[in-house]
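Nothing in this text is a laboratory measurement; each read-out follows from the coordinates by a stated rule. For clarity, every value in this text was computed on a predicted model and none was experimentally measured. Ideal geometry is used to build each Cβ from the backbone, glycine not excepted, and the neighbour counts take in all protein chains shown.
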Amino acid sequence: MNIILQDALYRAYLRWFGLYYGILAVLLLVGYPSDPVIYGLALGGAGSFMILTLQRLSVDRMYRVIERGRKPMSRGTVSRMAVAVLCVMIGLKYEAELSLTAVVIGLLAGHVIQFCEYFTHELKREKR
């Protein structure tokens, strides 16, 4: 996969995250402004978005290093795990305002978005 395809994939992830946060905004406006679940989903979703962004930057860096004929030193796994741990720690610290279960579900939102994008891409490819 080249950089252009990686950018297109990232833009697709941005569209899915826009939908995710749009749904959360509607839930906030409809009448659940003090619900800890929505705040937990927002925090986990923000962490998930940051993890996907770090993953994209890591893939870009890996391509540049491989093109020069060198071996990549790291894949950014530790920084992505640190973001997830930080979100969970914030959820634990503010347990009254945030639902920890919702934080974890929000962190998994990136994986669900990746699956949905892959599935819709395959459906489009199958129609051609």
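Here are the numbers:
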| item | result |
| --- | --- |
| Counted charge near PHE49, where neighbours are those whose Cβ lies closer than 15 Å (Asp, Glu -1; Lys, Arg +1) | +3 |
| Cut-off of 10 Å, at most 13 other beta carbons, DSSP loop: longest stretch of the chain lacking such GluC sites (Glu not before Pro) | 1-94 |
| Dipole magnitude of region 3-127, debye to nearest 20 (Cβ charges: Lys/Arg +1, Asp/Glu -1, about Cα centre) | 740 |
| Cα point-scatterer Debye curve for the chain, base-10 log of I(q)/I(0) at q = 0.18 Å⁻¹ | -1.00 |
| Helical mean residue ellipticity (222 nm; -39500 (n - 2.57) per DSSP H run of 4+; nearest 500) of the chain | -29000 deg cm²/dmol |
